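Q: Quick one: structure below, then a few questions.
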Amino acid sequence: MASDSRKEFLPAGLCAAAALLVFLPSLTSGWLNWDDGLMVSGNPHIRAFSADNLRWAFTSSPTGAYQPLAYVSWMCDFALWGADPRGYHLVNVLLHALNASLVYCLARRLLALDSRAAAFAALVFALHPLRVESVSWIAERRDALSGTFWLGAALAYLRPRRSWPAVYALFAAACLAKGIAVTLPLVLLIVDVLLLRRPFRESLIEKLPMTVLGGALGVIAVMQQAGARASWSWADHTLAARLAQAAYALVFYARKTAWPSGLSPFYEMRPPLNPLELRFLASAVLAAAGAVALWRGRQQRPALLAAGAVYAVILLPVSGLLQAGEQLVADRYSYLAALPFALLAGAASRRAAAPLLAVFVAALGAATVAQQSYWRSSDALWTRALALDPNSPTALVNYGTASVDAGRVRDAAASFERALAADPVCLPAQGDPVKLETRPACRHALNNLGAARAQLGEYKEARELLRLAIRADPSNEGARRNLARVEAALAK
């Protein structure tokens, strides 16, 4: 048995090495003006290991995401590399490479695939362009980190001699890195019943402690998210809209896995979302038809039903039912959710010729290298987002911020104005702070445009914009400081 385990080190290690090689371009990328400053480079709480900083990590979520272990990992980074982004990118890439090897082991243990098929599954997972957002973005460390613990917990569960303490510890760590991991007990239940043919009742009862633990951690995550004003109210985003968004997400990630073109850093959601819009209706029909087909074929192809169920379950927390942020969908949400597709690809590869598989893997790797170029800088990132959606308020605001950092203040002001014009709720003429509060992009555009106008010497216009920004968000200390400077300039 020990000899067999040692034989797995080489192919698993080669999968990790391939992931490392393909993601090497990310090491040359810098900090991005998208949560990197708030969570990492400008965060004083990661600059030392201390009781106060650890307490902050486990009790704070400035962006609404509860991810204390991600903050602890960045504390380790700061101790090693200081503020050099290359070290932070390196850790992201190493975690992802480790996950490639863990997926190889999972394919071997769960599906009993041979080494070639298991390696193909691991490479489809690791080298897919959808992984770029999770790996090349420093602030999204939580995907790869949580994935390491999640895969470790699954492998510990599937061992012939299961160690429940190891399963619980790894599961808890996965949840503390990213809340999406709370779905693991249900995933394991699906695997038990549909693939391992274990009795449902027995499998359910043994997972109750995991479910309780995951539920408790999930409640904490939701409370932190609500406290950070990252969630949409049910009045702003209705149940019908959330269900339409969830159906769209199910189809979107499956489609982008099959054909990963047009990947964007940000897919803007423009509320109120109309559930009767064609893309949402079509997605609902396709999702329902897929579910029916999988259920009808459950006797002949239980693995397909298991894969579809696991995919839907992992996506559930980020499908839109518990909407947080202004994105309709996000590539990073596919990090673990698309794992069943990679495992199915591995199983199907047993009938394919090795040269064909090699060409497919090489094409994936080339697409992933190209996708990383969009993440090398804030300018490149938001230029890409605007190329795909020229009227995205969020992309316009962030592009404008990047322009300010580059000294292009007049260009930045134009970008902020376009962001306000892109959404009628954002227009200063509306002057409705209640509506503005539901649009973070509006609030940021008003403050940033006011600051840009002040830099251009247009103080009266700046004052009105900043006053409206403060009405929309009284807690915006940046807008208050900007307004104080403008008032002082006008008083001279």
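The values are calculated or read from the model by the stated rules, or taken from the named source; none is laboratory data. The shown structure was predicted, so the numbers you read here are calculated from the model rather than taken from an experiment. Glycine also receives a Cβ, built like all others from the backbone with ideal geometry; neighbour counts cover every protein chain displayed.
Q: Any residue that is at pLDDT 90 or above, part of a loop (DSSP other than H, G, I, E, B) and either over 24 Å from E133 (Cα atoms) or of a type in the set (A, V, I, L, M, F, W, C) (or both) - is there at least one of those in segment 430-447?
A: no
Q: Right, next: In segment 55-144, which helices (runs of 4 or more DSSP H) lie fully inside it and hold 2 or more residues that are surrounded by fewer than 19 Cβ atoms within 10 Å (Cβ to Cβ)? First the steps, then the outcome.
A: On the way: elements: 68-81, 85-111, 115-126, 132-136.
Of the helices (runs of 4 or more DSSP H) lying wholly inside segment 55-144, those with at least 2 residues that are surrounded by fewer than 19 Cβ atoms within 10 Å (Cβ to Cβ) span 68-81, 85-111, 115-126.
Q: While we're looking at this one, here's another question. So, V251, is that one under 28 Å from L186 (Cα atoms), modelled with pLDDT of 95 or more, touching a strand residue (DSSP E or B) at 6+ places or on another chain (Cβ under 7 Å) and not small (G, A, S) or not? Steps first, please.
A: Working: under 28 Å from L186 (Cα atoms): yes; modelled with pLDDT of 95 or more: yes; touching a strand residue (DSSP E or B) at 6+ places or on another chain (Cβ under 7 Å): no; not small (G, A, S): yes.
Answer is no for this residue.
Yes or no, residue by residue, for (1) outside the structural domain of L196 (by TED's automatic domain parsing); (2) in contact with a Ser or Thr (Cβ under 6 Å, 6 or more places away or on another chain); (3) of a type outside the set (A, V, I, L, M):
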position	(1), (2), (3)
A258	no, no, no
S261	no, no, yes
S264	no, no, yes
E268	no, yes, yes
P272	no, no, yes
L276	no, no, no
V292	no, no, no
Q300	no, no, yes
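Q: Right, something else. Is it true that some residue in segment 30-44 is closer than 25 Å to V132 by Cα and touching a His at 6+ places or on another chain (Cβ under 8 Å)?
A: To start, the set of residues in segment 30-44 that are closer than 25 Å to V132 by Cα comprises 30-43.
Now restrict to residues that are touching a His at 6+ places or on another chain (Cβ under 8 Å): none.
Looking through segment 30-44, none of the residues is closer than 25 Å to V132 by Cα and touching a His at 6+ places or on another chain (Cβ under 8 Å).
Q: Among the residues that make up segment 302-321, is at least one of them aromatic (F, W, Y) and within 29 Å of N398 (Cβ to Cβ)? Even if it seems obvious, please write down each step before you answer.
A: Within segment 302-321, the subset aromatic (F, W, Y) is 311.
Still in the running and within 29 Å of N398 (Cβ to Cβ): none.
There is no residue in segment 302-321 that is aromatic (F, W, Y) and within 29 Å of N398 (Cβ to Cβ).
Q: Here's another thing I want to ask about it. Could you grab me the full set of residues in segment 233-252 that are of a type in the set (F, W, Y) and either in contact (Cβ under 8 Å) with a residue 60 or more places away in the chain or under 21 Å from A291 (Cα atoms) (or both)?
A: Restricting attention to segment 233-252, the residues satisfying the condition of being of a type in the set (F, W, Y) are 234, 248, 252.
Within segment 233-252, Y248, F252 qualify.
Q: Is it the case, given these coordinates, that A402 is buried (at least 21 other Cβ atoms within 10 Å of the Cβ), modelled with pLDDT of 60 or more, touching an Asp or Glu at 6+ places or on another chain (Cβ under 7 Å) and in a helix (DSSP H, G or I)?
A: On the way: buried (at least 21 other Cβ atoms within 10 Å of the Cβ): yes; modelled with pLDDT of 60 or more: yes; touching an Asp or Glu at 6+ places or on another chain (Cβ under 7 Å): yes; in a helix (DSSP H, G or I): yes.
In short, yes.
Q: Further, regarding this structure: Out of all the residues in segment 33-54, is one or more in a helix (DSSP H, G or I), without any contact (Cβ under 8 Å) to a residue 24 or more places away in the chain, within 17 Å of K178 (Cα to Cα) and among the polar types (S, T, N, Q)?
A: There is no residue in segment 33-54 that is in a helix (DSSP H, G or I), without any contact (Cβ under 8 Å) to a residue 24 or more places away in the chain, within 17 Å of K178 (Cα to Cα) and among the polar types (S, T, N, Q).
Q: Same structure, new question: Within the bounds of segment 285-293, is there any residue that is part of a helix (DSSP H, G or I), crowded, with 21+ Cβ neighbours inside 10 Å and under 26 Å from the mean Cα position of the chain (by Cα)?
A: The first filter runs over segment 285-293 and keeps only residues part of a helix (DSSP H, G or I), leaving 285-293.
Okay, now just the ones that are also crowded, with 21+ Cβ neighbours inside 10 Å, so none.
No; the residues of segment 285-293 include none that is part of a helix (DSSP H, G or I), crowded, with 21+ Cβ neighbours inside 10 Å and under 26 Å from the mean Cα position of the chain (by Cα).
Q: I've got another one for you. Residues A303, A291, A309, A345: which one is touching a residue at least 40 places away in the same chain (Cβ under 8 Å), under 30 Å from R270 (Cα atoms), of a type in the set (A, V, I, L, M) and in contact with a helix residue (DSSP H, G or I) (Cβ under 8 Å, 6 or more places away or on another chain)?
A: Being touching a residue at least 40 places away in the same chain (Cβ under 8 Å), under 30 Å from R270 (Cα atoms), of a type in the set (A, V, I, L, M) and in contact with a helix residue (DSSP H, G or I) (Cβ under 8 Å, 6 or more places away or on another chain) holds for just one of A303, A291, A309, A345, which is A309.
Q: Quick one: Y267 ticks every box in (1) over 18 Å from the mean Cα position of the chain (by Cα); (2) surrounded by 14 or more Cβ atoms within 10 Å (Cβ to Cβ); (3) modelled with pLDDT of 95 or more bar one, so which box is it?
A: Single failed check for Y267: (1).
Q: Can you pull out every residue in segment 471-492 that is acidic (D, E), surrounded by 12 or more Cβ atoms within 10 Å (Cβ to Cβ) and under 15 Å from R443 (Cα atoms)?
A: Looking only at segment 471-492, we keep the residues that are acidic (D, E), and these are 473, 477, 487.
Adding the requirement that they be surrounded by 12 or more Cβ atoms within 10 Å (Cβ to Cβ) leaves 473, 487.
The answer is D473, and nothing else.
Q: Now for a different question. In segment 145-177, which residues are more than 16 Å from A107 (Cα to Cα) and outside any helix (DSSP H, G or I)?
A: R161, R162, S163, listed by residue number.
Q: Among the residues that make up segment 9-32, is at least one of them out of contact with any strand residue (DSSP E or B) (no Cβ under 7 Å at 6 or more places or on another chain), part of a helix (DSSP H, G or I) and within 30 Å of I220 (Cβ to Cβ)?
A: We begin by selecting, within segment 9-32, every residue out of contact with any strand residue (DSSP E or B) (no Cβ under 7 Å at 6 or more places or on another chain); these are 9-32.
Right, trim to part of a helix (DSSP H, G or I) and you get 9-22, 24-28.
Still in the running and within 30 Å of I220 (Cβ to Cβ): none.
Within segment 9-32 (the criterion being out of contact with any strand residue (DSSP E or B) (no Cβ under 7 Å at 6 or more places or on another chain), part of a helix (DSSP H, G or I) and within 30 Å of I220 (Cβ to Cβ)), the answer is no, since none of the residues qualifies.
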